[in-house]
Every structure is written in structure tokens, then in C-alpha cells.
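Following: one structure in C-alpha cells, then a few remarks.
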Amino acid sequence: MRLVKPKKFLGQHFLKDLKVAQDIADTVDACPKLPILEVGPGMGVLTQFLLPKERTVKVVEVDYESVAYLREAYPRLEDNIIEDDFLKMNLQRLFDGQPFVLTGNYPYNISSQIFFKMLDNKDLIPCCTGMIQKEVAERIAAGPGSKTYGILSVLIQAWYRVEYLFTVSEHVFNPPPKVKSAVIRMTRNDTRQLGCDENLFKQVVKTTFNQRRKTLRNSIKPILGKECPLTEDILFNKRPEQLSVQEFIELTNRVGTALKEMKEETDK
């Protein structure tokens, strides 16, 4: 059976260390019984440890060579190998609309996009685990006041409890990436409604962190304009990394009220 050659344009770095693969596979045990979707299985180094877990396992792989290898190496997976781009998939159709665990050794170049898709499907994905670039994992797990706290931190922590599990050396991959990796687990928290307009919340978080070195008074201008009296409040002396998730929710509600008042004034 011919091995798959890693493709740079797909961001492929194949894990070689079986102990690390086993440890990653075991991260899904925090959400027992749920079916599993593995993203980017490559040659199945992680898959082989997921299959014995006595639940449905499906894998999605965009690389045709890897798909051919998986079909030959794991014949029991045949009907559960999906040759597709995860970012373009309709996840509702995967397990007949049932919740599932998302896992994988994620391609580093699209890991943030994968997690944004997870957020869009948060009611389907109560648990997400896997390996990503170390600095992205640190960003997701960071709390307020940290230099790494940012857009992903706030948007994910609004809905998920984040655990930074362990760091992985670059030397256990072929080819070795230029950065270290980390394994994280994200488990849905008890939040079902944010208590604010979710779209405006995302807009406020992204807009303010896009100019993270500025105070909120300046970074919020693309939404509120230059002359909004709301920004005179002492809260707007802070920078975005100083706000907790709850404070971003409160800020979103205040921004929403200000926008409504500004519209009413314009409509007079």
C-alpha cells in the first residue's frame, strides 16, 4: 500500500507518534456515546484509535490520495468516508441531525475557519477536540488581560468551556511544521441565549479587536460613528482585551440601544 505524500497546499503534516495519536483520540471520551466526525484523517493515524470506541465514526477528507488510502487501509470505514471540504458541508445531514463530537489533527491554515463553522453549528457540536497550532490554542484558551486574548477567545468562550490539554513537539510530524502544536477540548457550556443580539455581538468583538491597541472609544467608531455620546462613558477608556465575555455582552446591549436611538433620531 503506497503511503500518501504530504501536500503543502493542503497544510498537511502527518502525525507519526502513535502515543500522541492515542492521547488525542482519548480526548473524545469526555463526550461518550455521541458519534464522531474526524476532519482531515490523512492516513488514519488518529482514526485507528477512534474506531474501537464503539460508536459511529465518520471521516471527511478533501485529498483524493488520502481517501484512496483510507478505503484500502480501513475497509470497515468504506461507507463513512466523505470526500468533501468540511468548510462547505451541511452538517445537519451528517448524522440525521443528531449531535456529534468534532475532532481531528486540523490543517493549521484553516483551523480558525473550522472553529467559526463549529460556532455556526454549536447546537450540533457539544464537544470539539483536536490538535492545532500552539499559539492558536493559547489564543482560544486565553482569559481577559492576556495579550493572546482576542476574537476567537471571546466568541468561543461565550458558548464553550475551553481546556488546553497538552503541547505536542514539531518533531513527531512528517514533515515537521515550523511551530509547536497543542491539543485542546471545547465543551458546550450552559449558555443557550447570550442575552444580546448575537450578530451585533460578533460585530462588536471583531471590530474592537481589529484595532486592539486602541481604546474602545476609538475602536468602536466603525459601528457607532465619531460623535456618539455613549462613548463618553468611562467603560470606553478600556481596551478590548480587558473585557470579559459578559462585559462584551453588556457592551453589545449598550451599543444596540445607542444604534436604535440614533436611527430614531435620523428618522424624525
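Quick notes on this one:
- For a 4.7 Å threshold on C-beta separation, the list of partnerless cysteines in the chain reads CYS128, CYS196, CYS228.
- For the chain, adding -39500 (n - 2.57) for each run of n ≥ 4 DSSP H residues and dividing by the number of residues yields -9500 deg cm²/dmol at 222 nm.
- Taking PHE14, PHE115, PHE9, PHE166 and ordering them by how much accessible surface each has at a 1.4 Å probe, largest first, produces PHE9, PHE166, PHE14, PHE115.
- Loop-located GluC sites (Glu not before Pro) across region 18-67 with a Cβ neighbour count of 12 or fewer within 10 Å are GLU54, with loop assigned by DSSP.
- Two-decimal ratio, region 1-111, of alpha-carbon radius of gyration to 2.2 N^0.38 Å: 1.00
- Ranked by how many other beta carbons lie within 10 Å on average, peptides 186-192, 73-79 from highest: 186-192, 73-79
- Over the chain, relative contact order from alpha-carbon pairs under 8 Å, at least 6 apart, %: 16
- A cut-off under 14 angstrom between Cβ atoms defines the neighbours of SER146, and their net charge, with Lys, Arg +1 and Asp, Glu -1, is +1.
- A simple packing score, the average count of other Cβ atoms within 10 Å per residue, orders the peptides 126-132, 136-142 as 126-132, 136-142, with the highest score first.
- Alpha carbon convex hull of region 168-268, volume per residue in cubic angstrom: 151
- Debye equation applied to the C-alpha atoms of the chain, log10 I(q)/I(0) at 0.14 Å⁻¹: -0.96
- Region 82-231: translational diffusion in µm²/s, Stokes-Einstein, Kirkwood Rh over Cα pairs, 37 °C, 0.692 mPa s: 193
- Taking a ≥ b ≥ c as the square roots of the eigenvalues of the Cα gyration tensor, region 99-162 is oblate, since a/c reaches 1.5 or more and a/b is not larger than b/c.
- Calculated over region 143-219, the projected area of the Cα convex hull averaged across directions stands at 7.1 nm².
- Accessible surface computed residue by residue for region 13-90, with neighbouring protein chains in place and a 1.4 Å probe, gives 47 Å² per residue.
- Chain lengthening between GLN211 and ASP23 when straightened (0.36 nm per residue, less Cα-Cα): 63.9 nm
- Think of a 1.4 Å ball rolled over the protein heavy atoms: region 173-268 then has 59 Å² of accessible area per residue.
- Principal axes of region 216-268: Cα extent on each, largest first, Å: 37, 19, 17
- Protein heavy-atom surface of region 163-268, 1.4 angstrom probe: 48% of the accessible area is carbon and sulfur, with nucleic acids and ligands not counted.
The values are calculated or read from the model by the stated rules, or taken from the named source; none is laboratory data. All of these numbers come straight from a predicted model, not from anything done at the bench. Cβ atoms come from the backbone with ideal geometry, glycine included; neighbour counts cover every protein chain shown. Keep in mind that these areas ignore ligands, DNA and RNA; they rest on the heavy atoms of the full protein, side chains included. Shrake-Rupley method; radii C 1.70, N 1.55, O 1.52, S 1.80 Å.
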